[in-house]
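As structure tokens, the structure follows; a few thoughts come after it.
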Amino acid sequence: MLRQGWVAMELAFAESRCGDANAAAAHYTQCLASGGYSAAAFPANNFEDYIRCLIKVERPQWAAQRLRERIAADPSPRWTKMLAGLNQAGSGAGSAPPRPASASQGAAAPASTPTGPPELRNIIWSSTKPSVQLDKNLAFEGDHVRGYKSYKN
């Protein structure tokens, strides 16, 4: 069920403060999909929180796209600085060699993995970038969650 924009925004902000960046990113995205808000119309603190949630759930390209939309309407140094930092982090990500697993990491007991398909929690409709919340993960078309690939019918 698609919530009204302001309800989804309040829910997202609360989830972010509780440490659930996946759910928060999904609900902030729902604000955009519901037509109630555009990237330019988000309150500044909520928008910054949204971008940080997208970065935490490893969606830097989408965060950069939303920042560019915001900058088009509000060229504040706050947003240009965030975009520059995001672009800088993205360019240096591929240059660092992978870290080998330490002995303590290898000796840890494997976590129990859930069986069966992920649970569908939320559907976020967008004509350009639809997404879903599976378990506690934000997934976009083509993403893999626990061995299952999300796709659009």
Could you list, ordered by first residue, the pairs with Cβ atoms under 6 Å in which the first is in region 126-153 and farther than 14 Å from Ala33 by Cα and in a strand (DSSP E or B) and the second is modelled with pLDDT under 75 and open to solvent by 30 Å² or more (accessible area, probe 1.4 Å), at least 6 apart or interchain? Val145/Asn137; Tyr148/Pro117
Looking at region 19-26, is at least one residue in contact with a His (Cβ under 6 Å, 6 or more places away or on another chain) and in a helix (DSSP H, G or I)? no
Looking at region 33-53, which of the residues that are hydrophobic (A, V, I, L, M, F, W, C) and closer than 17 Å to Ser16 by Cα is most open to solvent (accessible area, probe 1.4 Å)? Ala44
Provide a single number: the residues in region 119-139 that are modelled with pLDDT of 75 or more and either of a type in the set (A, V, I, L, M, F, W, C) or open to solvent by less than 70 Å² (accessible area, probe 1.4 Å) (or both). 11
Restricting attention to region 65-84, which residues are within 12 Å of Glu48 (Cβ to Cβ), in contact (Cβ under 8 Å) with a residue 24 or more places away in the chain and open to solvent by 60 Å² or more (accessible area, probe 1.4 Å)? Arg78
(1) open to solvent by 60 Å² or more (accessible area, probe 1.4 Å); (2) of a type outside the set (Asp, Glu); (3) touching a strand residue (DSSP E or B) at 6+ places or on another chain (Cβ under 8 Å): which one isn't true of Lys56, the others all being true? (3)
Looking for whichever is at pLDDT below 70, open to solvent by less than 100 Å² (accessible area, probe 1.4 Å) and either in contact with a Lys or Arg (Cβ under 6 Å, 6 or more places away or on another chain) or over 29 Å from Pro43 (Cα atoms) (or both) here; the options are Ser112, Ser95. Which one fits? Ser95
Of all residues in region 34-76, how many are touching a Lys or Arg at 6+ places or on another chain (Cβ under 9 Å), over 18 Å from Asp143 (Cα atoms) and in a helix (DSSP H, G or I)? 7
Failed condition for Tyr28, given (1) over 19 Å from Lys136 (Cβ atoms); (2) modelled with pLDDT under 85: (1)
Looking for something under 12 Å from the mean Cα position of the chain (by Cα) and at positive phi - is there at least one such residue anywhere in region 31-54? no
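The values are calculated or read from the model by the stated rules, or taken from the named source; none is laboratory data. The structure presented is a predicted model; accordingly, all values stated were derived computationally and were not measured. Ideal geometry is used to build each Cβ from the backbone, glycine not excepted, and the neighbour counts take in all protein chains shown. The protein model used for the area step is the full one, side chains on, heavy atoms only, and it has no ligands, DNA or RNA in it. Shrake-Rupley method; radii C 1.70, N 1.55, O 1.52, S 1.80 Å.
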